[in-house]
Amino acid sequence: MKLATRLIHGETGIDQQTGAVGVPIYQISTYRQTSVDHFGKYDYARGDNPTREAVEETVAALEGGKRCLAFASGMAAITTTLMIFSPGDHLVVCDDVYGGAYRALTTIFSRMGIESTFVDATALAAIEAAIKPETKGLYLETPSNPLLKVTDLRGAAAIAKKHGIISMIDNTFMTPYLQRPLELGCDIVLHSGTKFLNGHSDVICGFAVVNDKELGQRIRYIQNAFGTGLGPQDSFLTLRGIKTLKVRMEESQKNTARIIDWLKQQPCVTAIHYPGLASHPGHSIHAAQADGFGAVFSFELDTIERTKKLLENSKLAVFAVSLGGVESILSYPAKMSHASVPTAERLRKGITDTLVRLSVGLEDPDDLIEDLARCLGS
Ligand SMILES: *Cc1c(COP(=O)(O)O)cnc(C)c1O
């Protein structure tokens with residue numbers, strides 16, 4: 001079955017008891033047991049819930065993984081997964097990692113004796129050079145936020161295998177529709193399902209997907225121990241959102257190409273960061289490991305005044321944090337995702353005061369372009 005069909009008929013298809021064409025919301029915390037010696041499949045919903053299981057099986061299949069665990073947020077997926085490491089373990093992490101992951105690593109995991117070294121992961125040599133005898137994990141994001149930098153996933157996974165360390169990839173920007181890191185040799189795929197997977201800006205959720213059942217069981221143990229699993233209502237909404245993943249990604253991607261073509265001709269736009277552009281340094285690597293370039297990009301403007309005018313006056317693209325919704329979302333990395341990074345460090349990373357990120361939604365691109373033109377005064 002091809003992916004588009006699987007998205008609709010899925011792993012969980014028809015409800016066996018009622019014939020319902022979707023999995024119901026099991027808004028239930030506990031289950032009656034009939035035997036003192038053998039508890040049933042379900043006992044208490046912190047551990048297992050049929051609606052959560054349905055979304056887990058769906059995302060596992062999309063990523064080509066054997067086990068998926070669904071979490072109350074992307075950060076719950078990331079932090080629960082990172083708890084497989086122990087004091088004294090060392091991690092190598094891409095230097096433009098998602099801000100929430102950076103915060104957890106540098107203020108919480110560091111306190112637990114798990115240290116991280118941040119590297120420019122566009123260079124495989126930099127990854128390898130940071131590996132020490134106590135290194136146990138490699139944590140990457142590609143394309144990364146907000147400059148859409150690209151890491152060679154096959155190369156990175158091979159380095160991890162060679163050194164016997166676990167590779168983790170945050171696949172939020174691409175979704176399994178466009179990029180499947182497990183097929184490229186990576187060990188754990190992480191998601192903020194809040195973004196494109198659910199796609200409607202109405203759920204916070206996250207996923208961890210693995211091919212190794214034992215590794216899946218270790219993460220599952222912590223999920224149950226900490227109670228970080230996804231609730232049934234949000235599991236249901238995410239299952240519904242995922243049904244339209246293909247059409248949303250295709251349409252948003254098409255709209256992205258249209259908008260970028262227009263932005264390229266605007267003199268006030270001084271740079272565009274998108275792996276789909278042949279001039280992007282990661283263009284060919286990305287093309288070799290993904291089926292498309294996605295619907296998020298960033299661009300720079302000539303003046304701070306014009307940047308503010310765009311962010312504050314846009315009527316169609318919502319000025320907000322987040323991405324991957326049916327509505328276009330304009331973000332300002334300097335004051336949003338990277339607000340806590342010291343200014344000099346932020347500028348060194350290329351996140352300037354005139355850098356804007358756009359996540360393209362499903363509006364008609366003509367309307368989006370007209371709105372951008374009005375705000376940019378072009
Ligand atoms: C939003 C996001 C996260 C965090 O996910 P939440 O669902 O907000 O907890 C992690 N990684 C990336 C790339 C994200 O965009």
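The values are calculated or read from the model by the stated rules, or taken from the named source; none is laboratory data. This is a predicted model, so every value here is computed, not measured. Cβ atoms come from the backbone with ideal geometry, glycine included; neighbour counts cover every protein chain shown. Please note that ligands, DNA and RNA were not included when accessible areas were found on the heavy atoms of the full protein model with its side chains. Shrake-Rupley method; radii C 1.70, N 1.55, O 1.52, S 1.80 Å.
Tabulated data
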quantity: Residue check for Thr238: closer than 29 Å to Gly47 by Cβ and not aliphatic (A, V, I, L, M); calculated: yes
quantity: Hits in the stretch 95-123 - residues which are part of a loop (DSSP other than H, G, I, E, B), open to solvent by 50 Å² or more (accessible area, probe 1.4 Å) and not aliphatic (A, V, I, L, M); calculated: Tyr98, Arg111, Asp120, Thr122
quantity: Members of the stretch 61-81 found to be open to solvent by 20 Å² or more (accessible area, probe 1.4 Å), in a helix (DSSP H, G or I) and near the ligand (Cβ under 8 Å from one of its atoms), listed by number; calculated: Met75
quantity: Hits in the stretch 126-138 (condition: open to solvent by less than 80 Å² (accessible area, probe 1.4 Å) and either under 15 Å from Pro87 (Cα atoms) or part of a helix (DSSP H, G or I) (or both)); calculated: Ala126, Ile127, Glu128, Ala130, Glu134, Thr135, Gly137
quantity: Matching residues in the stretch 173-185 - criterion: being open to solvent by 10 Å² or more (accessible area, probe 1.4 Å) and either within 15 Å of the ligand (Cβ to nearest atom) or out of contact with any Asp or Glu (no Cβ under 8 Å at 6 or more places or on another chain) (or both); calculated: Phe173, Glu183, Leu184, Gly185
quantity: Search result, residues across the stretch 189-221 that are within 19 Å of Ile169 (Cα to Cα), open to solvent by 20 Å² or more (accessible area, probe 1.4 Å) and away from the ligand (no atom under 16 Å from the Cβ); calculated: Asn211, Asp212, Lys213, Glu214, Gln217, Arg218, Arg220
quantity: Given (1) in contact (Cβ under 8 Å) with a residue 24 or more places away in the chain; (2) away from the ligand (no atom under 16 Å from the Cβ), index of the condition Thr30 fails; calculated: (1)
quantity: Answer from Gly282, Gly276 - the residue that is under 29 Å from Asp120 (Cα atoms) and either within 16 Å of the ligand (Cβ to nearest atom) or in contact (Cβ under 8 Å) with a residue 40 or more places away in the chain (or both); calculated: Gly282
quantity: For Met249: the one exception among (1) farther than 24 Å from Leu376 by Cα; (2) part of a loop (DSSP other than H, G, I, E, B); (3) in contact with a Phe, Trp or Tyr (Cβ under 6 Å, 6 or more places away or on another chain); calculated: (2)
quantity: Flag if Thr238 is open to solvent by less than 20 Å² (accessible area, probe 1.4 Å), of a type outside the set (A, V, I, L, M) and within 16 Å of the ligand (Cβ to nearest atom); calculated: yes
quantity: Test: Asp37 is away from the ligand (no atom under 16 Å from the Cβ) and surrounded by 17 or more Cβ atoms within 10 Å (Cβ to Cβ); calculated: no
quantity: Failed item in (1) over 20 Å from the mean Cα position of the chain (by Cα); (2) open to solvent by less than 60 Å² (accessible area, probe 1.4 Å); (3) among the hydroxyl-bearing types (Ser, Thr, Tyr), with Thr58 passing the rest; calculated: (1)
quantity: Close pairs (6 angstrom Cβ cut-off, 6 or more residues apart or separate chains): of a type in the set (Asp, Glu) in the stretch 49-71, modelled with pLDDT under 95 and open to solvent by 10 Å² or more (accessible area, probe 1.4 Å) anywhere; calculated: Glu57/Glu11; Glu57/Thr12
quantity: Positions within the stretch 45-54 being open to solvent by 40 Å² or more (accessible area, probe 1.4 Å) and either at pLDDT below 95 or closer than 14 Å to Cys68 by Cα (or both), in sequence order; calculated: Asp48
quantity: Condition check for Asp187: in contact with a helix residue (DSSP H, G or I) (Cβ under 8 Å, 6 or more places away or on another chain), charged (D, E, K, R) and in contact (Cβ under 8 Å) with a residue 40 or more places away in the chain; calculated: no
quantity: Residue list for the stretch 131-148, restricted to those being more than 18 Å from Glu345 (Cβ to Cβ) and either away from the ligand (no atom under 14 Å from the Cβ) or among the hydroxyl-bearing types (Ser, Thr, Tyr) (or both); calculated: Ile131, Lys132, Pro133, Glu134, Thr135, Lys136, Gly137, Leu138, Tyr139, Thr142
